[in-house]
Amino acid sequence: MLPTRKRKKKYIPEYLTEEEVARLFAAIGGDVRSQAIFHVIYYRGLRASEIGKLRLEDYRASVGRLFVRRLKGSISGEFHITQSERTALNRWVRMRGKEPGPLFISRNGNPLSRWPVFVLMRRYCAIAGIAAEKAHPHALKHSCGTHLSARETDVAVIQDHLGHVNIQNTMIYVQITNKRRDQFAETLEKNGWGSRG
C-alpha cells in the first residue's frame, strides 16, 4: 500500500469583511487624502506600491475613469470608478490642485511610497478595532477580490478588474467565497434550517 500524502493546506489570505471596510473608512474620518488613497486601494484592488504610480492625468474626473498602473507583471488599464471613489478623489484633487505629477504626493513632493501607506493602514485599523494581522494594505486588495467574487460569478471579469494575468490568482477569492457559503450552510443546518421534510 502506498503511503498517503498529506494534502497541502490551501492558503487563505487575510481580508477585511465589508463591515470592517466601512469601519476603516469611518476611522479615517475627515482626512481627505487618506480617504482617497484607501478608497482607490480597496475598490481597484491595488498594492500599496501601486498607489504612488498613479498620476493626476490618469484620473479623468469628467467621465469618472481612472487609468490604473499595475506592477509585478499585472495588467494595467483604464476603469470606470465607483461613485464612492469619485467623491473621494474629487475632494482630494480640489485640495491637491491641478499641478501635473503624482496623484498622491508625499510631504517632500515625491510620489507616495508604500511605507507611509502601511503606517496609515495600521493606524486606522487600530482606531477601527480591526485585528493587527489584517492591518496591511494588501488585505484591502484581498478584500476587493473576495467581495467581488461574492457578487460576480464571471471569474474573468474579476480577473480583469484585479489585473491578474493568471486566472489561478483570481480563483483564490472564489474559494474564499465558497468556503464562507459552506460555513454559513453548516451554521444554518446546526440551527435546524431546512430540517423539516
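The values are calculated or read from the model by the stated rules, or taken from the named source; none is laboratory data. Model, not experiment: these values are computed from the prediction. FYI the Cβ positions are ideal-geometry reconstructions off the backbone, even for glycines, and counts take in every protein chain you see. Keep in mind that these areas ignore ligands, DNA and RNA; they rest on the heavy atoms of the full protein, side chains included. Shrake-Rupley method; radii C 1.70, N 1.55, O 1.52, S 1.80 Å.
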Hey, got the dipole for the range 23-170? About the Cα centre, +1 on K and R Cβ, -1 on D and E Cβ, debye to the nearest 20?
460
Taking only protein heavy atoms into account and a 1.4 Å probe, give the accessible area per residue of the chain in Å².
60
What percentage of the solvent-accessible surface of the range 1-145, computed with a 1.4 Å probe over protein heavy atoms, is contributed by carbon and sulfur atoms?
54
So how strong a dipole does the range 83-147 carry about its Cα centre when Lys and Arg Cβ are +1 and Asp and Glu Cβ are -1, to the nearest 20 debye?
160
Residue span residue 95 to residue 71: 0.36 nm per residue of separation minus Cα-Cα distance leaves a gain in nm of 5.9 nm
Between the alpha-carbon centers of the range 140-156 and the range 26-83, tell me the distance in whole angstrom.
17
To the nearest 500 deg cm²/dmol, what mean residue ellipticity at 222 nm is calculated for the chain from DSSP H runs of n ≥ 4 alone, each contributing -39,500 (n - 2.57), summed and divided by the residues?
-16500 deg cm²/dmol
Give, rounded to the nearest 20 debye, the magnitude of the charge dipole that the range 111-154 has about its Cα centre when Lys and Arg contribute +1 at Cβ and Asp and Glu contribute -1 at Cβ.
240
Nitroxide proxy distance, nm - points 7 Å out along Cα→Cβ at residue 62 and residue 156
3.3
Here are several values of semi-axes √(5λ) of the Cα gyration tensor in Å: (i) 24, 20, 16; (ii) 34, 19, 17; (iii) 44, 24, 16. Which one was derived from the coordinates shown?
(ii)
Take the chain, connect every pair of alpha-carbon atoms lying under 10 Å apart with a spring to form a Gaussian network, then pick out the residue of 175, 35, 83 with the largest mean-square fluctuation.
83
